[in-house]
Amino acid sequence: LENLQPEIKTLAERLRYEVAVRGKQLGWSEKVARFHFKKNLRRIVTDLYVRDNCHPFKATLLVWVQIPMWVCVSLALRNCSVGATDPQVQEAFSTGGALWFTDLTAPDSTWILPVSLGLVNLLILEV
């Protein structure tokens, strides 16, 4: 979308000139000329999106998949750690960790996981 902005700007300037000339020929008011400009610019921009296959909705598609997935995973992890009332499950969580987090029921006192998760998400957004 960013690569199309210079082309859209050039086409908009040319269209503005054409609409102004045509408006003077036909005696359009400023409101009518603005309506025709916006309508034709919308059509031109849509044609550019189709030509380059870069509709703005495609950029947000990943977010619409990630948000429900994040909510489901968060709820599942919460239910596993808090909602498990079976003593066997609690015992498995308290002894089933690895590396520096041997107890999965205790908060991470070193902040390694939250900080690394935040940095990885920031890296993904920046890339």
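All of the numbers you see were taken from the coordinates with simple rules; none came from a lab. Just so we're clear, the structure is a prediction, and the values are computed from it rather than from any experiment. Quick reminder, even Gly has a Cβ in these numbers, built from the backbone with ideal geometry, and neighbours come from all protein chains shown.
By the helix-only formula, in which each DSSP H run with n ≥ 4 contributes -39500 (n - 2.57) and the sum is divided by residues, the chain has a 222 nm mean residue ellipticity of -25500 deg cm²/dmol.
The angle between the Cα long axis of helix 56-81 and the longest principal axis of the Cα atoms of the chain comes to about 20 degrees, rounded to the nearest 10. With no solvent and one point per C-alpha, what does the Debye sum give as log10 I(q)/I(0) for the range 59-126 at q = 0.15, 0.22, 0.23 Å⁻¹? Evaluating at q = 0.15, 0.22, 0.23 Å⁻¹ gives log10 I(q)/I(0) of -0.67, -1.06, -1.09.
Computed from the C-beta positions of Leu123 and Leu75 and an R0 of 30 Å, the FRET efficiency is 0.75 to the nearest 0.05. Hey, what angle do you get for helix 5-26 against the long axis of the chain, alpha-carbon based, 0 to 90 degrees rounded to 10? Once rounded, the angle reads 30 degrees.
Over the chain, Cα pairs under 8 Å with separation of 6+ residues give a relative contact order of 14 percent. Enumerate the lysines that Lys31 could reach by cross-link, defined here as Cα to Cα under 20 Å, with residues fewer than 8 away along the same chain left out. Once the sequence-local lysines are set aside, what remains near Lys31 is Lys39. Take the chain, drop everything but the C-alpha atoms, weight them equally and run the Debye formula without solvent; then report log10 I(q)/I(0) at 0.12, 0.13, 0.16 Å⁻¹ to two decimals. With one equal scatterer per Cα and no solvent, log10 I(q)/I(0) is -0.71, -0.76, -0.95. Zone of Glu7 (label point 7 Å along Cα→Cβ, backbone N under 17 Å): which residues in the range 37-54? Flagged as within label range: 41-54.
Each listed q (0.14, 0.15, 0.24, 0.29 Å⁻¹) maps to a log10 I(q)/I(0) for the range 3-54 from the Debye sum over equal C-alpha point scatterers, namely -0.38, -0.43, -0.86, -1.07. Normalised by 2.2 N^0.38 Å, where N is the number of residues, the C-alpha radius of gyration of the range 28-77 stands at 1.99. Along the chain, counting only chymotrypsin sites (Phe, Trp or Tyr not before Pro) with a DSSP assignment other than H, G, I, E or B and at most 13 other Cβ atoms inside a 10 Å radius, the longest segment between sites is 1-99.
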